[in-house]
1. Mind giving me the FRET efficiency for Asn13 and Asp119? R0 is 30 Å, r the Cβ-Cβ distance, nearest 0.05 is fine.
2. Could you work out how much longer the chain between Thr3 and Glu59 gets when fully extended? Use 0.36 nm per residue separation minus the Cα distance between them, nm to one decimal.
3. Taking neighbour counts of Cβ atoms within 10 Å as a proxy for exposure, in what order, fewest first, do Phe73, Phe10, Phe34 appear?
4. How many nm separate the modelled label positions at Thr104 and Asn23, each set 7 Å beyond the Cα in the direction of the Cβ?
5. Taking 8 Å as the Cα distance limit and 6 or more residues as the minimum spacing, I'd like the relative contact order of the chain as a percentage.
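Every number here is computed from the coordinates shown, using simple stated rules; none is lab data. Quantities reported herein were computed from a predicted structural model and do not represent experimental measurements. Here Cβ is always computed from backbone atoms with ideal geometry, including for glycine, and neighbour counts include all displayed protein chains.
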Amino acid sequence: QLTKIKNGTFLDNRHLNELSLCNNFIHHLESNSFRGLTNLKSLTLRNNRIEIIPVSLFEDLQQLNTLDLSENFISSLQLHAFSGLTALEILNISHNNLETFTPTYLFPLGQLTDLDISD
């Protein structure tokens, strides 16, 4: 099972539309882990061991409309954690260890229609 996603892992996969990395042991994402996935529409990272979302992690994902980060160990979000996700409609960050959640996290998400932060 996967434990980390290194920078540039998906550079040659620009035509990929959907990526599911759920049910692994991913605990570390580098800031350019998803670089090159410019046509990605759906990213599922559910049920891993992710604790931190690096700034600029989603920078190349301007077409992404669904992001599932549920069932991880995320305890806090950085202010610009979701920058670049201008087309995002569905965000699931439920069942994490979030201690605080403020509207400023959602600032770049002008198309967001569905948000799940339940525990």
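1. 0.35
2. 18.0 nm
3. The most exposed by this proxy come first: Phe73, Phe10, Phe34.
4. Those two pseudo-labels are separated by 3.9 nm.
5. Over the chain, the number comes to 20 percent.
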